[in-house]
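To start, the structure under review is shown below, and the notes come after it.
The values are calculated or read from the model by the stated rules, or taken from the named source; none is laboratory data. The structure presented is a predicted model; accordingly, all values stated were derived computationally and were not measured. Note that we place each Cβ from the backbone using ideal geometry, even for glycine, and neighbour counts take in every protein chain shown. Quick note on the areas: whole protein, heavy atoms, side chains included, nothing else; ligands and nucleic acids left out. Shrake-Rupley method; radii C 1.70, N 1.55, O 1.52, S 1.80 Å.
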Amino acid sequence: GGIITQTPKFLIGQEGQKLTLKCQQNFNHDTMYWYRQDSGKGLRLIYYSITENDLQKGDLSEGYDASREKKSSFSLTVTSAQKNEMAVFLCASSPRGQDTQYFGPGTRLLVL
Amino acid sequence: TQTVSQSDAHVTVFEGDSVELRCNYSYGGSIYLSWYIQHHGRGLQFLLKYYSGNPVVQGVNGFEAEFSKSDSSFHLRKASVHWSDSAVYFCAVSDSGYNKLTFGKGTVLLVSP
């Protein structure tokens with residue numbers, strides 16, 4: 001078995017601030033993902049990475065940067081937080097060639 | 001481009017009832033379909049998947065789903081629900097080799113004791 005850890009669990013930011021969310025997995029999975037979850041809108045893919053140092057844009061990449069410096073970690077940066085923004089950011093991973101994804105518990109973002 | 005539609009935003013049943021959560025998709029090629037569950041304050045957990053073969057697939061905790069190509073559906077069912085099944089359920093579809101999933105908006109299942 002394995003686990004996905006997301007830090008921080010809660011993140012409160014100010015408008016215009018640059019905010020970084022971190023994700024670690026010990027499954028030894030190749031592919032990692034960042035999703036944004038808004039109430040009533042399901043999950044939307046922000047970025048994904050099929051291997052170390054690879055980055056692929058998802059449907060919602062504008063306003064975000066990502067970094068995959070090593071296989072086990074995948075970071076997401078909100079480049080300029082929007083006022084009153086509130087969402088959950090979910091990190092996931094999957095083995096190469098398999099579609100089943102394993103999710104972390106999420107980071108809850110609130111921008112004041 | 002594939003899409004996923006979950007027509008019911010909320011479903012409420014009593015403990016011991018059967019339940020069906022609906023999922024319809026639009027895509028013409030080979031397709032991978034799955035269901036995930038999300039308990040309050042947690043990440044998503046994989047329930048079951050279909051790629052080929054027997055259209056009825058079994059998952060964890062008594063859940064099953066049936067694929068129908070003619071109806072473009074992959075509905076999730078459980079014969080007798082427990083209060084702990086209260087959660088949000090997401091249907092997902094994928095057709096790519098890079099494991100990209102497209103998720104529906106989710107159905108909130110509330111099981112009353």
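Some values worked out for this structure:
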read-out: Listed residue pairs exceeding 19 Å between alpha carbons, taken from A:K9/A:K71; A:K18/A:K83; A:K22/A:K70; A:K41/B:K100; value: A:K9/A:K71
read-out: Average accessible area per residue (Å²) across the range B:3-112 - probe 1.4 Å, nucleic acids and ligands excluded; value: 48 Å²
read-out: Net charge contributed by nearby residues that have their C-beta within less than 11 Å of B:A79 (K/R +1, D/E -1); value: -1
read-out: Virtual spin-label span in nm between A:M86 and A:L55, 7 Å along Cα→Cβ; value: 3.0 nm
read-out: Chain-alone versus full-assembly comparison, the range B:69-113, residues with accessible loss of at least 40 Å² (1.4 Å probe); value: B:Y98, B:N99, B:K100, B:L101, B:F103, B:K105
read-out: In nm, spacing of pseudo-spin labels at B:N61 and B:H39 (7 Å Cα→C-beta vector); value: 0.7 nm
read-out: Surface share of carbon and sulfur [accessible, 1.4 angstrom probe, percent] for chain B; value: 50 percent
read-out: Nearest-20 debye value, chain B charge dipole, Cβ charges on Lys, Arg, Asp, Glu; value: 320 debye
read-out: ³J(HN,Hα), Karplus 6.51/-1.76/1.60, whole Hz, each residue of the range B:8-23, x for Gly, Pro; value: 9, 6, 9, 9, 10, 9, 9, 4, x, 6, 8, 9, 10, 10, 8, 9
read-out: Heavy-atom accessible area order for A:E69, B:E64, largest first, 1.4 Å probe; value: A:E69, B:E64
read-out: Only Lys, Arg (+1) and Asp, Glu (-1) charged, at Cβ; the protein assembly as shown dipole about Cα centre in debye; value: 460 debye
read-out: Gain on full stretching of the segment that runs from A:L112 to A:F10 - 0.36 nm per residue minus C-alpha separation; value: 35.4 nm
read-out: Accessible area in square angstrom per residue, the range A:3-64, 1.4 angstrom probe; value: 54 Å²
read-out: FRET E, pair B:D17, A:N28, Förster distance 25 Å, beta-carbon r, rounded to 0.05; value: 0.05
read-out: Size of the B/A contact, given as accessible area buried on both chains, probe 1.4 Å, in Å²; value: 1700 Å²
read-out: Under the Karplus curve 6.51 cos²θ - 1.76 cosθ + 1.60, θ = phi - 60°, whole-Hz ³J(HN,Hα) for the range B:107-113, x wherever Gly or Pro sits; value: 10, 7, 9, 10, 9, 8, x
read-out: Partner chain coverage, peptide A:101-111 - average Cβ within 10 angstrom; value: 3
read-out: Heavy-atom accessible area, 1.4 Å probe, ligands and nucleic acids excluded: residues of the range A:33-53 down by at least 10 Å² from chain alone; value: A:Y33, A:Y35, A:Q37, A:G40, A:K41, A:G42, A:L43, A:L45, A:Y48, A:I50
read-out: Shielding by partners - mean other protein chain Cβ count within 10 Å, residues of B:43-53; value: 3
